[in-house]
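To keep things clear, I will list the structure first and then write my remarks on it.
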Amino acid sequence: MIPEVVADVRADVGEGPAWSSREGCLYFVDVSPGAVYRLDAADGRLTRFHIGQEVGAAIPSAEGGLVLAARDGILTCDSDGSHLAVYVPVESDDTSIRMNDAKCDPAGRLWAGTMAFDFRAGAASLYRLDGRVATNVIPDCTIANGLGWSPDGKRMYFIDSSNYRVDVLDYGPETGIPINRRPFVTGSPDTGMPDGLAVDAEGGLWVAFFGSGEVRRFDATGALSQVISFPVAQVTSCCFGGPDLTDLYVTSAAYQLGAAALRDQPLAGATFVVRPGVVGLPTNEFRPSNSRHSRTAETGPR
């Protein structure tokens, strides 16, 4: 199984891949320069726009356009970057914090994490968007990162990368409340840092391990079932796409690689596609009308 390059860009931190079934295209970002990319799957045309600040994710909206997790909070814009506006500010008065990864649950509720530019321990949080309010659901994180939901919507997966762990929480699909947080997959610095993730239709988790050059699949029990190797060390995130959701798109980073490492990894920062033989779950669109909630429950051990 050999990964193919679909976007040969040397992204500093390529991240946040999201497939738009409506448009037949892949969106992904380069965090540091605030770039949002759009890859048309039909003809391979790649376009880009900049938002003027760091951006961690770009998610299609059911009402058209995109919702962005950016330095100042949750932003909206058209699919070409026009009509950029702040939708909900999140910690915008703290210039040491930025938004990081973001996903929507199956109902279209937006979840987004933060992190400190200096990776300060405990400075980050995982937020849920409740209308025009960002509710801090899981505080005291360091790098609030990968998110996903099981096919039945009753499990939520969350990665605080600093823990080298994937956690699972029981989830209320109707309420948007996660409870009973517990470890699901536990790693170590030797195995790479878990970053972004995707879930397939069988309930398997595909996790990009930054530093290892691998995306690993864990079945619904947490057992390792498949490993895909890439010609770059810093894989960052993944999502399923394509007409049948059988394509796994994987982003990567050239972040802080020296000249020697870049010679050895000329594709660092590229976005890849691989076909792992399973059907994935679609990228959930943002649905503002469903992004409302009135109470928060404890999430258990942190």
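Quick look at the numbers
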read-out: Arg181 long-range amide H proximity, modeled H, under 5 Å; value: Gly300
read-out: Mean ellipticity per residue at 222 nm, deg cm²/dmol - from DSSP H runs of n ≥ 4 across the chain, formula -39500 (n - 2.57); value: -500 deg cm²/dmol
read-out: The range 4-290 shape via C-alpha gyration tensor axes, a/c threshold 1.5; value: rounded
read-out: The range 1-67, relative contact order in percent, only Cα pairs under 8 angstrom and at least six apart counted; value: 26
read-out: The chain: relative contact order in percent, alpha carbon pairs under 8 Å with at least 6 residues between; value: 19
read-out: Packing rank of 114-127, 8-21, where each peptide gets the mean count of other beta carbons within 10 Å, highest leading; value: 8-21, 114-127
read-out: Amide H contacts under 5 Å for Val232, placed H, 5+ residues apart; value: none
read-out: Cβ-based exposure ranking for Leu248, Leu169, in which fewest neighbours within 10 Å come first; value: Leu169, Leu248
read-out: log₁₀ of I(q)/I(0) at q = 0.17 Å⁻¹ - the range 162-270, Debye sum with one point per alpha carbon; value: -0.85
read-out: In order through the range 114-123: 3J(HN,Hα) via Karplus (6.51 cos²θ - 1.76 cosθ + 1.60), integer Hz, x for Gly, Pro; value: 10, 7, 7, 4, 9, 6, 4, 5, x, 8
read-out: Ordering of 82-94, 229-241 by burial proxy (mean other Cβ atoms within 10 Å per residue, highest first); value: 229-241, 82-94
read-out: For the range 127-137, 3J(HN,Hα) per residue [Karplus equation, 6.51 cos²θ - 1.76 cosθ + 1.60, θ = phi - 60°, Hz, x = Gly/Pro]; value: 10, 10, 7, 10, x, 9, 10, 9, 8, 7, 8
read-out: Cβ-based exposure ranking for Lys103, Lys154, in which fewest neighbours within 10 Å come first; value: Lys154, Lys103
read-out: ³J(HN,Hα) computed for each position of the range 189-198 - Karplus, 6.51 cos²θ - 1.76 cosθ + 1.60, integer Hz, glycine/proline x; value: x, 5, 9, x, 9, x, 10, x, 8, 9
read-out: Three-way shape call for the range 71-118 based on the alpha-carbon gyration tensor, with the a/c threshold at 1.5; value: oblate
read-out: Amide H contacts under 5 Å for Gly187, placed H, 5+ residues apart; value: Arg165, Val166
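The numbers here are math on the coordinates, done by the rules we state, and not lab data. Source: prediction; values computed, not measured. With ideal geometry, Cβ positions are generated from the backbone for all residues, glycine too; neighbour counts draw on all protein chains shown.
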